[in-house]
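The values are calculated or read from the model by the stated rules, or taken from the named source; none is laboratory data. Because the structure is predicted, anything quoted here is derived from the model rather than measured. FYI the Cβ positions are ideal-geometry reconstructions off the backbone, even for glycines, and counts take in every protein chain you see. Areas reflect the complete protein model, heavy atoms only, side chains present, ligands, DNA and RNA absent. Shrake-Rupley method; radii C 1.70, N 1.55, O 1.52, S 1.80 Å.
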Amino acid sequence: MAESALTPDEVGEFYDDRGWLWEIFMGQNLHIGYWDGVDPDVDPKDRLTDVLVEQVALGPGQRLLDVGCGQGRPAIRLAQATGCDALGITVSADQVETGTRLAREAGVADRVRFERVDAMKLPYEDGSFDAVWAVETLMYLSDRQAALREIARVLVPGGVFVLADYTESGPLTEEWRAVLTEGFTVDSLPTADAYTGMIGAAGLEIVRHEDATPHLRRSAARIDQLVADNYPKVVEKGGREFAEEFKAMIGKISELERDLLGYVITTARKPVS
């Protein structure tokens, strides 16, 4: 459990207020890149989605729950690639609206929907989904174990869960915890081992675990240039004072990600009996 975290409504407000900002820098995909060079023509953020798609291995008629769906691009990409159905949940009303619009524009609105839902209290029946993924989502929650229990509950027996998330890879000073809080709205993250323990405690069996920290490092190394390239857009939208404050904050966050945080991609399965 995080020592300090915003409520679901507060996290939703955080993303509602800054949706324009994330879209400038990240498009409709808010996640890190996956830099394995399999297809140089695919954006590394989309390549991360493709890795997750490979892990859940769904097909037509099956259903995935995307916990913390952002603006919906990963869920849409999954549906286009596999023919499955996807339900994305988020605490941001703005993200629900954007995801719904993007699904309609992509021609998959009949198979991809978005709802405003608290991940710690899922309003779905037991065994509602063939797979669940949570990409850079559990890190924001005040009770991560409760969310994992809910995820395990709504999975069908034999269903797959994929976690992709930031971790603490070493001790953080009070100064760096302040940066973590400012950038991610929490003052602590689980270690990789802690995530493994929580997934097991939720009744899921781990079948694959990848230390994806090198991908985080490479993505973080691009942040400063990305900010510089888009600085005029931030000034235009938010004003110069805001742009300067944002640039300073992002500089600290990129250093934190490059040097002190880790990243894991863990796949687990719900036992059949």
Q. For Val96, are the conditions met, namely being within 29 Å of Ser188 (Cβ to Cβ), buried (at least 22 other Cβ atoms within 10 Å of the Cβ), within 13 Å of the chain's Cα centre (by Cα) and among the β-branched types (Val, Ile, Thr)?
A. no
(Q) Under 8 Å between Cβ atoms, which residue pairs at least 6 apart in sequence (or on different chains) link something in region 193-216 that is closer than 19 Å to Ala131 by Cβ with a partner that is open to solvent by less than 20 Å² (accessible area, probe 1.4 Å) and charged (D, E, K, R)? (A) Tyr195/Asp165; Met198/Arg144
**Q.** Residue count, region 142-154 (criterion: open to solvent by 20 Å² or more (accessible area, probe 1.4 Å) and either assigned to a helix (DSSP H, G or I) or in contact with a Pro (Cβ under 9 Å, 6 or more places away or on another chain) (or both))
**A.** 5
Q | Filtered residue count, region 40-67, keeping only those that are farther than 22 Å from Ile223 by Cα and part of a loop (DSSP other than H, G, I, E, B) | A | 6
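Yes/no per residue for (1) surrounded by 23 or more Cβ atoms within 10 Å (Cβ to Cβ); (2) without any contact (Cβ under 8 Å) to a residue 12 or more places away in the chain; (3) among the hydrophobic types (A, V, I, L, M, F, W, C); (4) over 29 Å from Ala192 (Cβ atoms):
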position: Leu64; (1), (2), (3), (4): yes, no, yes, no
position: Val67; (1), (2), (3), (4): yes, no, yes, no
position: Pro74; (1), (2), (3), (4): yes, no, no, no
position: Val117; (1), (2), (3), (4): no, no, yes, no
position: Leu122; (1), (2), (3), (4): no, no, yes, no
position: Asp130; (1), (2), (3), (4): no, no, no, no
position: Val156; (1), (2), (3), (4): no, no, yes, no
Q: Looking only at region 172-193, decide whether some residue is within 17 Å of Arg63 (Cβ to Cβ) and charged (D, E, K, R).
A: no
